[in-house]
Amino acid sequence: MSNYDGFLTAISKLLPADQVRRDATSLETYGQDWSNLLSPNAKAILFPANTEQVSQILKLATEYKQTIVPSGGRTGLSGGAVATQGECVLSLEKINFIGPIDTLSQTVTVGAGAITQAVHEATAPHGLTWPVDFASKGSSQVGGNISTNAGGVRVLRYGSTRNWVLGLTAVTMDGTRHTLNGSLEKNNTGVDFKQMLIGSEGTLAVITEATLKLCPIPRSRLVFLFSLPDFASVVRLFQFARNKVKQISAFECMDEACFTVTCQHLNITPPLKEAAKGYVLLEVQNESFENSEAWLNEIFEKQLVTEGLMAQSEKEAETFWQIREGIAESVLAGHEVHQEDVSVPLANLGAFYAQIHSRYTQEYPHAEIYFFGHIGDGNLHIFIRKPKNLTKEAFIQMAHESDLKLFETLAKFEGSVSAEHGIGLLKRHAIHFSRTPAELAIFRQLKKIFDPLHLLNPGKIFEP
C-alpha cells in the first residue's frame, strides 16, 4: 500500500518548494493530456531539474510504493500521460537543456523536457535539423516524442522518432541511471535497450536525456496545395507522385470539412477557389520548378487533381502548412471531440477509407466527422465532434461502440489501432487487435523486469 504522506515528506527534503506543486490548477493541468476524455486525479506534481533528482525521486517512490506518471508536453491523444488514480506526476519540463551542436558527428544532446521546436531553432544556424516534426512541435517535448515513438508530417521522408535517436539516459524505478549507446552510430553488442525504451510510453523507465541524430536542412523546397474530386484520387495521386518525384518530404491530406473549419478558425482566405471533396499538401525537397513542370502537367492531364497551387514564397508555403497543421486545433476549439489515430498498409488505404467513411456517414448523420492524415505512411486521423444534443456520457459510449467497429475493420485490412499516439489508457482495450497474445505476454514480462511493483505509469498499454 502506498505511503503517500511519507513519500511527500521525503520529497520535501529532496526538492525545493518551488519544484513541488499541489494546487488545483497544476493538478488539473499536469494530470491531463490533449485527449481530454479522462478525469485527472493527481496527488502532486514534481519538477526535477536533472537526472540525479529523477533518480532520487524514483528511489523514494519505490521505498514508499508511490505510483509515478512521467509527463512531457502532454500533447498525446491516448491518455498515456494522464494521472487518474492518485499518482504523482513527474514533469520533465525543467530538464530542457540543449547541448552544443556537434557539427562533425551531426548530433546534439538534449534534456527530455526540451521543446521540439526549440531543438529545430537551435540546430538551424548550423545548417542542421532534427527531422522529427509535428503540428504540436511548439508544445511537444523530446522525451515524450521518444516515449511514444512519435511520427508526424515527415515520416514519409525520414521515418519515425526512433530513427533519429542515437543514445538515451534513462532511470528505472529503483533509481538506477542507465546510459544507453551515447552517440555511437554503430554498436553491435547484443540487445539494444535504447530501442526497447523508445515507444514504451514511460512504462519501463523515465527518459531524462537523449543524443539526437541530425541531418542537413534541405537546400530548397516546393510546397503544393491540390484539390481533388474524391478520396480515391488522393491515393492515386500519391502513387503517381512517388513514381515521378525524387524527394517527397510530406504528403498530407484532409477532407473538405477539415479544410473549411481550419480556414474559418484561423481566418485564412481559402487559397483554392472551388470547394472539393479532398485536399493534398505535397512538399518536395531539393528540386527546382523547372524539373517539376513535366510531372505537374501530367497530374492535370491525368485529371488526378481539379485545381492546384505552388507556393510562390516562404510565407505562402507557411500558410499552406498552417492549414494542415491547424486542423486539430480548429476542430477541437470549443468542442468535445473523440479522436482516432490509425494506420493501414498503403495498398489497403483506399478501400479502408471508403468502407469506414460510408459507415460513419450512415450511422452518425448528426455528428461532424473529420478525416485527415499522413497518407504517405498510411496514417489516418478521424475526429468526431460531439453533437450538441448528446450528453458527454452518451457521446463516450457512442465513441466506444464506434471504435470497436473501426478496430474490427482495421483488423480485416491488417492495420494498427494506433499509428503514432500510442496506447495509453484509452486504447488498451483494443491492443489485442494489433498485437498477439504471445507479444502481450512478452510485454508483461518486460514490465515485471523493469518495474516489478508496477509503480511507473501504471495501467498504461495493458492492465496491471
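Derivation of every value follows stated rules applied to the coordinates shown; laboratory data play no part. Because the structure is predicted, anything quoted here is derived from the model rather than measured. Neighbour counts run over all protein chains shown; Cβ positions are idealised from the backbone, glycine included.
Couplings 3J(HN,Hα) for region 363-374, derived from phi with the Karplus relation 6.51 cos²θ - 1.76 cosθ + 1.60 (θ = phi - 60°), are 8, 10, x, 9, 9, 8, 10, 10, 10, 7, x, 9 Hz, where x marks Gly and Pro. Across all directions, the shadow cast by the convex hull of region 267-388 built on its C-alpha atoms averages 9.4 square nanometres. My understanding is that a pair violates if its Cα-Cα distance is over 20 Å; which of Lys43/Lys460; Lys13/Lys59; Lys65/Lys448; Lys13/Lys448 do that in this structure? Over 20 Å apart, Cα to Cα: Lys13/Lys448. Residues whose amide H lies under 5 Å from that of Gly80, counting only those 5 or more places away or on a different chain, are Leu425; hydrogens are built 1.01 Å from N in the peptide plane.
Distance between the pseudo-spin-label points of Asn286 and Thr176 (7 Å out from Cα toward the beta carbon): 4.3 nm. Couplings 3J(HN,Hα) of region 126-139, computed from phi: 9, x, 10, 8, 8, x, 7, 9, 9, 4, 8, 4, x, 10 Hz, in residue order, whole Hz [Karplus 6.51 cos²θ - 1.76 cosθ + 1.60, θ = phi - 60°; x for Gly and Pro].
Close amide-amide hydrogen proximity is noted between Ser249 and Glu283, Val284, Gln285, each under 5 Å apart and 5 or more residues distant or on a separate chain (H modeled in the peptide plane; Pro and chain starts excluded).
Packing around the peptides 335-346, 426-437, taken as the average count of other Cβ atoms within 10 Å per residue, puts them in this order, highest first: 335-346, 426-437. From most to least packed by mean Cβ count within 10 Å, the peptides 315-324, 53-62 give 53-62, 315-324.
Spin-label model, Trp295 to Thr436: label points 7 Å out along the Cα-to-beta-carbon direction sit 3.8 nm apart.
Multiplying the residue separation of Ala24 and Lys302 by 0.36 nm and subtracting their alpha-carbon distance yields 94.2 nm. For region 144-296, the spread of Cα coordinates along the three principal axes comes to 60, 35, 27 Å, biggest extent given first. Under conditions of 4 °C and 1.567 mPa s, region 107-216 yields 93 µm² s⁻¹ as its translational diffusion coefficient, taking Rh as the Kirkwood radius over Cα pairs in the Stokes-Einstein equation. Partners of Lys277 within straight-line reach, counting aspartates and glutamates whose Cα lies under 16 Å from its Cα and excluding those fewer than 8 residues away in the same chain: Asp230, Glu252, Asp255, Glu256, Glu307, Glu368. List the trypsin sites (Lys or Arg not before Pro) in region 132-224 that DSSP assigns to loop (not H, G, I, E or B) and whose Cβ has at most 15 other Cβ atoms within 10 Å. Which are they? Filter output for region 132-224: Lys186, Arg219.
Show log10 I(q)/I(0) for region 340-457 at q = 0.09, 0.10, 0.18 Å⁻¹, two decimals, from a solvent-free Debye sum over equal Cα scatterers. With one equal scatterer per Cα and no solvent, log10 I(q)/I(0) is -0.30, -0.37, -0.99.
For region 1-39, the set of trypsin sites (Lys or Arg not before Pro) satisfying both a DSSP loop assignment and a count of at most 12 other C-beta atoms within 10 Å is given as Arg22. From most to least packed by mean Cβ count within 10 Å, the peptides 1-9, 90-98, 388-396 give 90-98, 1-9, 388-396. Under a 5 Å amide H cut-off, with hydrogens placed 1.01 Å from N, Thr67 pairs with Cys88 among residues at least 5 apart or on other chains. Between Asp5 and Glu414, residue separation times 0.36 nm minus the direct Cα-Cα distance comes to 142.4 nm.
In order along region 447-461, the phi-based Karplus estimate (6.51 cos²θ - 1.76 cosθ + 1.60, θ = phi - 60°) of 3J(HN,Hα) comes to 4, 5, 5, 6, 9, x, 8, 6, 9, 9, 6, x, x, 7, 6 Hz; Gly and Pro are listed as x. Of all DSSP beta bridges confined to the chain, the antiparallel ones make up roughly 90%. The GluC sites (Glu not before Pro) of region 146-212 that DSSP puts in a loop, and whose beta carbon has at most 10 other beta carbons within 10 Å, are Glu185. Take the Kirkwood radius over Cα pairs of the chain, plug it into Stokes-Einstein at 10 °C and 1.306 mPa s, and you get 68 µm²/s for translational diffusion.
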